[in-house]
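Bear in mind that the values in this text are calculations on the coordinates, not laboratory data. Fair warning: this is a prediction, and the values are worked out from it, not measured in the lab. No Cβ is skipped: glycine too gets one built from the backbone with ideal geometry, and neighbour counts run over all protein chains shown.
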Amino acid sequence: MLKSVRSYKNAQAILFRYLREHEMRPSKVRDMVLTALCQLPQPFTAEQLIKACEAEHISVGTVYNALNLFLDAHVLHAYKRQQGQLATEYELIAGTPNKIQIICQKCGRVQNVSSNLITTHIREHKYSNFNMQHFTLYVYGECRVCRKKTINRLGR
Ligand SMILES: [Zn+2]
């Protein structure tokens, strides 16, 4: 719960800055969508968010509009995951600790991995005119289970 409050505050600060820069007004409904998504396990799908917003009587269209705005404002990022069919998942950028994730393109399985070498390298890299705050690195490939299936299929 404490974690989601912190994510919410970070996300809200980023959103407000974006709204100010684009001369847009804050909206109460959008704020409710932001609150709801900060309480979801990350990453989440649009369907999960729609379900969470149903209780607040927020329409599907409003949820999608908010999602698109949050993507533009870099509150969220989206990535495609293959899970039976290609699904889009969303994740809060704000307040996420540095992480490295390996993603199987066949079954969609996501695992967190740690590497001091990579983390140190990215953190200590000199970015020109840019102050790095945190990062998420996605490494795509094939997991062991799927790899085994492929080998068995080929072996027959
Ligand atoms: Zn797999």
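The table for this structure:
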| quantity | calculated |
| --- | --- |
| Over region 97-156, equivalent-ellipsoid semi-axes from the Cα gyration tensor in Å | 33, 10, 9 |
| Alpha-carbon radius of gyration plus Dmax, which is the widest Cα pair, for the chain in Å | 18.2, 62 |
| Isotropic mean projected area of the C-alpha convex hull, region 1-67 (nm²) | 4.5 |
| D_trans [Stokes-Einstein, Kirkwood Rh over alpha-carbon pairs] for region 15-54, 20 °C, 1.002 mPa s, µm² s⁻¹ | 193 |
| Dipole of region 86-156 [Lys/Arg +1, Asp/Glu -1 at C-beta], most positive-end residue of T136, G155, L117 | G155 |
| Spin-label model distance (nm) - K9 vs K51, 7 Å beyond Cα toward Cβ | 3.0 |
| Cβ-based net charge around I118, under 13 Å, with every Lys or Arg adding one and every Asp or Glu removing one | +1 |
| Peptides ranked, highest mean first, by Cβ atoms within 10 Å: ranges 11-23, 107-119, 126-138 | 11-23, 107-119, 126-138 |
| Helix-only CD estimate at 222 nm, as mean residue ellipticity for the chain, using -39500 (n - 2.57) per DSSP H run (n ≥ 4) | -15000 deg cm²/dmol |
| Between 0 and 90°, nearest 10: helix 60-72 axis offset from the chain longest Cα axis | 80 |
| The chain: angle of helix 144-155 to the longest principal axis, Cα-based, in degrees nearest 10 | 40 |
